[in-house]
Amino acid sequence: MDISGKTIVITGGASGIGAALARQAADSGAKVCIADLNETLAAKVAKDIGGIAVACDVTQEAQIVAAIDAAEAAFGPVDIFVSNAGLGRGDPSHAASAPDADWTLNWNVHVMAHVWAARALLPAMIERGSGYFVNVASAAGLLNQIGDAAYSATKHAAVSFAESLSITHGGDGIGVSVVCPQYVATPLLGLADGDAQGDLLTASDVAHAVWDGVQKDTFVILPHPDVAKYSAARATDPARWIKGMQMLRAKAMSAHGKISVAEFYKLV
């Protein structure tokens with residue numbers, strides 16, 4: 001899909017990958033609504049790009065609907081919805097140690113927010129015969145994030161839901177891309193663009209890969225191409241892949257004495 005002139009809603013658009021997506025979309029002529037918990041920061045980005053900002057907690061279906069309504073009131077029907085908001089809490093100790101509240105939060109942000117956006121938008125998109133969903137998952141949705149079981153499980157679910165959208169509605173003219181980056185220099189890791197080096201990409205790098213993938217109607221967008229190799233190895237020999245991940249976990253424990261998701265990118 002050519003994004004020029006399109007109405008786009010981006011959740012989590014006030015910083016990181018979301019802000020980079022918003023800036024590049026606006027540079028390409030899109031009309032952008034930034035939906036974020038941090039309305040002040042969202043408004044700053046929106047002012048910079050000539051878009052609009054709305055406060056949005058994506059764990060609340062009504063707030064996602066309100067963000068869509070605001071975008072349509074300002075710019076017309078939503079053509080592209082980018083479910084980008086995300087979080088990571090990590091496992092306190094063992095793989096089942098995170099409290100139910102953390103599991104529920106991960107589920108609502110990484111899965112239900114995508115469902116609620118689709119529920120609100122699909123009827124009109126199907127009627128028009130066009131529309132696009134960009135669901136930002138993670139390489140953890142194809143592989144695993146050691147040290148954060150709730151993140152990994154819900155990112156897998158996000159990939160699965162994107163597949164369901166594409167399988168069910170591709171014939172209705174609805175495009176779907178699921179984005180599976182590995183480590184990115186964003187506030188989620190406590191990093192900024194200047195910290196990017198080697199395989200650690202900037203938010204702008206990822207945004208460029210996303211919009212290029214949307215232009216080409218690519219289903220799985222891999223800003224880190226090596227993820228395809230890892231995913232193939234996992235599918236071909238699961239036992240060997242698990243053993244390798246166990247060794248990587250042991251390496252992390254040896255290096256840091258604990259599993260620190262924010263430090264893990266240095267080992268990959």
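The values are calculated or read from the model by the stated rules, or taken from the named source; none is laboratory data. Since the model is a prediction, treat every value here as computed from it, not as a measurement. Heads up, the Cβs are rebuilt from the backbone with ideal geometry, glycines too, and the neighbour counts pull from every protein chain shown. Each accessible area value is taken on the protein alone, full model and side chains, heavy atoms only, with ligands, DNA and RNA left out. Shrake-Rupley method; radii C 1.70, N 1.55, O 1.52, S 1.80 Å.
Contact map, the stretch 68-91: residues that are in a strand (DSSP E or B) paired with residues that are of a type in the set (A, V, I, L, M, F, W, C) and surrounded by fewer than 24 Cβ atoms within 10 Å (Cβ to Cβ), Cβ distance under 6 Å, separation 6+ or inter-chain. No pairs are found.
Selection over the stretch 24-61 of residues that are among the polar types (S, T, N, Q), in a helix (DSSP H, G or I) and closer than 10 Å to G13 by Cα gives a count of 0.
Looking at the stretch 9-16, can you tell me whether even one residue there is in contact with a helix residue (DSSP H, G or I) (Cβ under 9 Å, 6 or more places away or on another chain), open to solvent by 30 Å² or more (accessible area, probe 1.4 Å), on the phi < 0 side of the Ramachandran plot and at pLDDT 95 or above? Looking through the stretch 9-16, none of the residues is in contact with a helix residue (DSSP H, G or I) (Cβ under 9 Å, 6 or more places away or on another chain), open to solvent by 30 Å² or more (accessible area, probe 1.4 Å), on the phi < 0 side of the Ramachandran plot and at pLDDT 95 or above.
Among the residues of the stretch 160-181, is there at least one that is open to solvent by less than 30 Å² (accessible area, probe 1.4 Å), at pLDDT below 95, β-branched (V, I, T) and touching a strand residue (DSSP E or B) at 6+ places or on another chain (Cβ under 9 Å)? No, that holds for no residue. For the stretch 1-36, a residue qualifies if it is in contact with a Gly (Cβ under 8 Å, 6 or more places away or on another chain), without any contact (Cβ under 8 Å) to a residue 60 or more places away in the chain and hydrophobic (A, V, I, L, M, F, W, C), and the qualifying residues are A22, A26, A30, V32, C33, I34, A35. Only a single criterion out of (1) surrounded by fewer than 16 Cβ atoms within 10 Å (Cβ to Cβ); (2) under 17 Å from the mean Cα position of the chain (by Cα); (3) not charged (D, E, K, R) is not satisfied by T40, namely (2).
Say we look at the stretch 216-233 and pick out the residues that are under 22 Å from M1 (Cα atoms), out of contact with any helix residue (DSSP H, G or I) (no Cβ under 7 Å at 6 or more places or on another chain) and in contact (Cβ under 8 Å) with a residue 40 or more places away in the chain; which of these is most open to solvent (accessible area, probe 1.4 Å)? Looking at residues that are under 22 Å from M1 (Cα atoms), out of contact with any helix residue (DSSP H, G or I) (no Cβ under 7 Å at 6 or more places or on another chain) and in contact (Cβ under 8 Å) with a residue 40 or more places away in the chain, I get D217.
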